[in-house]
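Presented below is the structure to which this report refers.
Just so it is clear, none of the values below were taken in a lab; they were calculated from the coordinates. Predicted, not measured: the structure shown is a model, and the values here were computed from it.
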Amino acid sequence: MKTTKVNISELKENPDNPRVIKNEKFKKLVQSIKDFPEMLSIRPIVVDKDMFVLGGNMRLRACKEVGIKELHIIKATSLTKEQQKEFMIKDNSSFGEWDWDTLGNVWDTEKLQDWGMDVWNPNLDDFNPNINPESSYKQMTDDDYEKKKLEINERNYEKTREFIECICPKCFHEFNIDKN
């Protein structure tokens, strides 16, 4: 498919678009476009024959806010209505998962956050300072264990599990982590 450049006023936000980006994340998208506008030509907006956006509705909205006048597009004119609907969902689906070890060890956390990624940046003070990753659950008494057990709310449960597994896989398997 051929990429062309059109006036942004020709593009129409798709009223059936089920994906939105709000508040801080939208501000990060706007900033991302300001910082790296070249990305817009590398990843064009996908439209149907009537110029309704199938892929890139939030980028279009952010580009309007930035004041961009022209955008690269790809016209997906051969898609049926059903395929257009499918494309809108699949274009925004995240089938993969992040490799948190690579992200944590290779990438700069602040840059990732600036680029719009949700990166958990734990404050180690949030964790019980009495827990010694070198100690073993089997060496603790029941009373010691109860004092050291992490209490985690539902919102932070998975991120906390991932964090503990990253910093000490042995502890991850030995400590019982309860959800509140």
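Observations on the model:
- Note, ³J(HN,Hα) from phi for the range 77-82, Karplus 6.51, -1.76, 1.60, rounded to Hz, x at Gly and Pro: 7, 8, 7, 6, 4, 5
- Taking amide H as placed 1.01 Å from N in the peptide plane, LEU11 has no amide H partner under 5 Å among residues 5 or more places away or on another chain.
- Separation between Cα centres of the range 21-45 and the range 70-90, rounded to whole Å: 20
- ³J(HN,Hα), Karplus 6.51/-1.76/1.60, whole Hz, each residue of the range 59-76, x for Gly, Pro: 5, 4, 4, 5, 5, 4, 5, 6, x, 5, 9, 10, 9, 7, 9, 10, 8, 9
- Karplus-based coupling profile of the range 29-36, in residue order and whole Hz: 5, 4, 5, 4, 5, 4, 6, 9, with θ = phi - 60° in 6.51 cos²θ - 1.76 cosθ + 1.60 and x standing for Gly or Pro.
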